[in-house]
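Reviewing the structure listed below.
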Amino acid sequence: MYKLILHKKVIKFINKKDAKDTNRINNKLKLLKDNPYPTNELLDIKKLKNSNFYRLRVNDYRFIYEIIDDELVILILDANNRGDIY
């Protein structure tokens, strides 16, 4: 199982959401800890082109993260609404 490290702005983004969205995001992040790769059938994950980053989709929200395999760490760098993240 991987360890999640959330950037300060990601924590702030999640805390601004209502309880329903926060619970949905937290459930998806728990699933992400088990398998952070696009092979995970329970999550909508894509590898971003020309980079080592991945995108996790939770409804209209997008989370950009990096996987550090040798340390078993998922570093979530950014989160925002669908149109504002890229």
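Remarks
- Debye-formula intensities of segment 47-86, expressed as log10 I(q)/I(0) at q = 0.31, 0.33 Å⁻¹, are -1.06, -1.12 (one equal scatterer per alpha-carbon, no solvent).
- Across segment 8-24, computed HN-Hα scalar couplings (Karplus, 6.51 cos²θ - 1.76 cosθ + 1.60, θ = phi - 60°) run 4, 6, 6, 4, 4, 4, 5, 5, 7, 7, 6, 4, 4, 5, 4, 5, 4 Hz from first to last residue, x flagging Gly and Pro.
- Share of carbon and sulfur in the accessible heavy-atom surface of the chain [1.4 Å probe, %]: 47 percent
- Geometric extent, Cα atoms of the chain - Rg, Dmax (angstrom): 12.0, 35
- Relative contact order for the chain, counting Cα pairs under 8 Å that sit 6 or more residues apart, in percent: 32 percent
- Computed over protein heavy atoms with a 1.4 Å probe, the accessible surface of the chain works out to 66 Å² per residue.
- Share of pairwise Cα separations in segment 1-40, more than 17 Å, in percent: 35 percent
- In segment 15-86, trypsin sites (Lys or Arg not before Pro) in a DSSP loop with at most 16 other beta-carbon atoms within 10 Å: LYS16, LYS17, LYS49, ARG82
- Site pair ASN40 and ARG82 shows an inter-label distance of 2.0 nm when each label is modelled 7 Å from Cα along Cα→Cβ.
The values are calculated or read from the model by the stated rules, or taken from the named source; none is laboratory data. All values reported here derive from a predicted model rather than from experimental measurement. Note that each Cβ is placed from the backbone with ideal geometry, even for glycine, and that neighbours are counted across all protein chains shown. Ligands, DNA and RNA are stripped out before the accessible areas are found, and what is left, the full protein with its side chains, is counted by its heavy atoms. Shrake-Rupley method; radii C 1.70, N 1.55, O 1.52, S 1.80 Å.
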